[in-house]
Amino acid sequence: MLKLTIFRIMKRKDRCGIIRYLKINEQEAKLLGFKKCLPSPKTIWHWEKIRFGVKGFREIFQTIVLKIKELLLPLGIILGKIVCMDSTPIQSTRDDKDELAQFNGHYHLKMYKGDIQWDGILGIPLNFGINFGTGYDGHKAPSMIDQLFGFLKTIIETFIGDTHYNTIDNHFELTQKRGIKIVSKFPENHVFDEQGTVEALMEEYKKYWEDMNYIPPPVNFEHVLRFLSEKKPELVGRYHKNQLFEYFTNNPIKHHFVYGKRNHTEGGNGILKDRLNFHRLRENGRTNCEIHLAIHLIALLLTSPLLLLQNGGTCSLMKAQHYVS
């Protein structure tokens, strides 16, 4: 049944359509394991929505990611050291009443957002989630990073995202609290934040001279950052954002090279949209949307990187030509 679901996605058909196809192409039905009779569309629905469901498909997705990680280790590649993140629109049905399904003026669609994290080296999808159709992308980064680390167990070194992820909160949550370097872009009119300078943080630090953890200057600045993380986390976030802006200004070529790895998100979204007919939802509700996203990502993983690695392939693991109808 799982193979049938993946086959259905690769053929870009609904449940009724795939059964009609397999009745005509009996040899393909036998290769999928259906030697005597085919399941009904309702049976497929029951397996996908009830027997598997969100929990089941997420566990399958995570198991595949872990297997790919295992296969990459002998090649000297650690999956998930660099993580790229972006959202992609998933068009909802016209009568979807779920609060997450909202009209987005930028895309001119009533939609959900599918948040996907990709490996920054190979472009392999690592994690996913669902957001409001008009939700702000950046707010999801810390929780999804924690979720990713929770099952992948890779020490994430770098997080790459567009300007939506380049927030003060994320610089505090990711860089200060989790030790993850953020690489992002800045608006053209962005200026150095005077509230996030070393001098400004030291002046704020001195205000707490009566605190039992206060160490009089000269003091290690890392202690100042840890101390102010409890008192003024926004200032610490401003400091780390300033550090990225300074790095971006002084090393534009190097920054452009690292940020360019974000293209993996565009490439992966392109495969989902163009090859797997992903961006339109046929059923109502966030649960159906999350299952829809999970199934398509599983199909993407199974039919290219996992299959190639299991058969000795090491190059072009996410090339679009692997995905055929």
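The values are calculated or read from the model by the stated rules, or taken from the named source; none is laboratory data. Since the model is a prediction, treat every value here as computed from it, not as a measurement. So basically every Cβ, Gly included, is an ideal-geometry build from the backbone, and we count neighbours across all protein chains shown.
Among the residues in the stretch 285-307, are any part of a loop (DSSP other than H, G, I, E, B) and either of a type in the set (Asp, Glu) or closer than 30 Å to ASP98 by Cα (or both)? Yes, the stretch 285-307 contains a residue that is part of a loop (DSSP other than H, G, I, E, B) and either of a type in the set (Asp, Glu) or closer than 30 Å to ASP98 by Cα (or both).
Set side by side, the residues PHE61, PHE57, PHE52 differ, and just one is within 24 Å of ARG178 (Cβ to Cβ), among the aromatic types (Phe, Trp, Tyr) and touching a residue at least 60 places away in the same chain (Cβ under 8 Å), which is PHE61.
Please enumerate the residues belonging to the stretch 93-128 that are touching a His at 6+ places or on another chain (Cβ under 8 Å) and of a type in the set (Asp, Glu). ASP119 - this is the single residue of the stretch 93-128 that is touching a His at 6+ places or on another chain (Cβ under 8 Å) and of a type in the set (Asp, Glu). Test GLY123 against the stated conditions and say whether it is out of contact with any Pro (no Cβ under 6 Å at 6 or more places or on another chain), farther than 19 Å from TYR239 by Cα, at pLDDT below 95 and among the small types (Gly, Ala, Ser). When the stated conditions are applied, GLY123 passes them.
Test THR265 against the stated conditions and say whether it is more than 22 Å from CYS84 (Cβ to Cβ), of a type outside the set (D, E, K, R) and in a helix (DSSP H, G or I). Here the answer is no, as THR265 does not meet what is asked. When the stretch 35-63 is filtered for residues that are of a type in the set (Gly, Ala, Ser) and surrounded by 14 or more Cβ atoms within 10 Å (Cβ to Cβ), the ones remaining, listed by number, are GLY53, GLY56.
Among the residues making up the stretch 66-105, those that are among the aliphatic types (A, V, I, L, M) and not in a helix (DSSP H, G or I) are ILE77, ILE78, LEU79, ILE82, VAL83, MET85, ILE90, LEU100, ALA101. If you go through the stretch 217-243 and keep only what is farther than 15 Å from GLN195 by Cβ and either at pLDDT below 95 or not hydroxyl-bearing (Ser, Thr, Tyr) (or both), you end up with PRO217, PRO218, VAL219, ASN220, PHE221, GLU222, HIS223, ARG226, PHE227, GLU230. Where the second residue is hydroxyl-bearing (Ser, Thr, Tyr) and the first is without any contact (Cβ under 8 Å) to a residue 40 or more places away in the chain and lies in the stretch 134-153, which pairs have Cβ atoms under 6 Å and are six or more apart or on separate chains? From residues that are without any contact (Cβ under 8 Å) to a residue 40 or more places away in the chain, the pairs are GLY138/TYR165; GLY138/THR167.
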